[in-house]
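Novice: Can you read through this structure? Questions will come right after.
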Amino acid sequence: MVISINDIKKNHITISTHNHENLYFAVGYSENNKIVRIALPQKSLEDAIGEITEFHPNYSLSDKHNDIACKICQIYHGVNLDIELDQLELDPNSSSSSKTTIKTSFERDVIIEVAKITYGTVKTYKQIAKSIESKAYRAVGTAIGNNPFPIIIPCHRVIRSDGKVGGFRGGTPMKVEILKNEGIKIKEFKGASRIKL
């Protein structure tokens, strides 16, 4: 396989970072100035950058978007801020990477629906599926699990129908922490974190 210079330039991203209380936040931007991936907070700068470069290996570091990395940190810590969806690369036909950020229109629809969940509230995977007129609950869960924009697209606000917090790419304890930062009441019951629906 031959890779041209144009392909390399086209797939190049810029990563900006922010550090707060021993946590590192990172955001990756494409050449067309769209966010292509956000790292969940990590304990090392290398791990935060690595979470993005796993999908976008052609990158450079820059402080150009440190303000957005800082906003992601603030949102993580419970500040109610919005970042406009038009800043995100939501086009499944985008060529910002050989591993595109959003792969299908179904994934895009799920991500856009999750973006509608308001601060301090939760929805179930089933509610998300129904709102996009789908009965593919597992596929919805997979799309949410693959969310390239965690924190901004609040996949942490999606829970199981039985009230259990459910899985999260950063682990259940991180999901519980983010939800508590938003003021959501969580109780431990039989070894599982639950939210009263």
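Just so it is clear, none of the values below were taken in a lab; they were calculated from the coordinates. Computed from a predicted model, the values in this text were never measured in an experiment. Here Cβ is always computed from backbone atoms with ideal geometry, including for glycine, and neighbour counts include all displayed protein chains.
Novice: Only Cα pairs under 8 Å and at least 6 apart count here; give the relative contact order of the chain as a rounded whole percent.
Specialist: 18 percent
Novice: Sorting check: for 36-43, 71-78, 130-137, 19-26, which peptide has the highest mean count of neighbouring beta carbons within 10 Å, and how do the rest follow?
Specialist: With the highest mean Cβ count within 10 Å placed first, the list reads 36-43, 71-78, 19-26, 130-137.
Novice: Okay, next question. Taking a ≥ b ≥ c as the square roots of the Cα gyration tensor eigenvalues, with a/c under 1.5 meaning rounded and otherwise prolate when a/b beats b/c, else oblate, which class fits the range 105-194?
Specialist: Judged from the Cα gyration tensor, the range 105-194 comes out prolate (a/c at least 1.5, a/b above b/c).
Novice: Would you mind pulling out the separation of the Cα centroids of the range 19-48 and the range 158-191, in Å?
Specialist: 23 Å
Novice: Among bridges DSSP assigns within the chain, what percent are antiparallel (round to 5)?
Specialist: 70 percent
Novice: Here's another thing I want to ask about it. Can you tell me which aspartates and glutamates have their Cα less than 18 Å from the Cα of Lys43? Leave out same-chain residues fewer than eight positions away.
Specialist: Of all the aspartates and glutamates, those that pass the test against Lys43 - Cα under 18 Å, at least 8 places apart if same chain - are Glu21, Glu51, Glu54, Glu177.
Novice: Still on this structure, I have one more. If R0 is 25 Å, what FRET efficiency do you get for Thr142 and Asn66 from their C-beta distance, rounded to 0.05?
Specialist: Between Thr142 and Asn66 the formula returns 0.20.
Novice: Work out from phi, with θ = phi - 60° and the Karplus expression 6.51 cos²θ - 1.76 cosθ + 1.60, the ³J(HN,Hα) of each residue of the range 107-124, listed in order in whole Hz, and give x for Gly and Pro.
Specialist: Here the 3J(HN,Hα) series is 4, 4, 4, 5, 4, 5, 5, 5, 4, 7, 6, 6, 3, x, 10, 9, 9, 8 Hz.
Novice: First obtain the Kirkwood hydrodynamic radius of the chain from its Cα pairs, then insert it into the Stokes-Einstein equation at 10 °C and 1.306 mPa s, and state the resulting D in µm² per second as a whole number.
Specialist: Diffusion coefficient, whole number: 92 µm²/s.
Novice: Moving on. Neighbouring Cβ atoms within 10 Å as the yardstick, rank Asp82, Asp109 fewest first.
Specialist: Sorted ascending by nearby Cβ count, the order is Asp82, Asp109.
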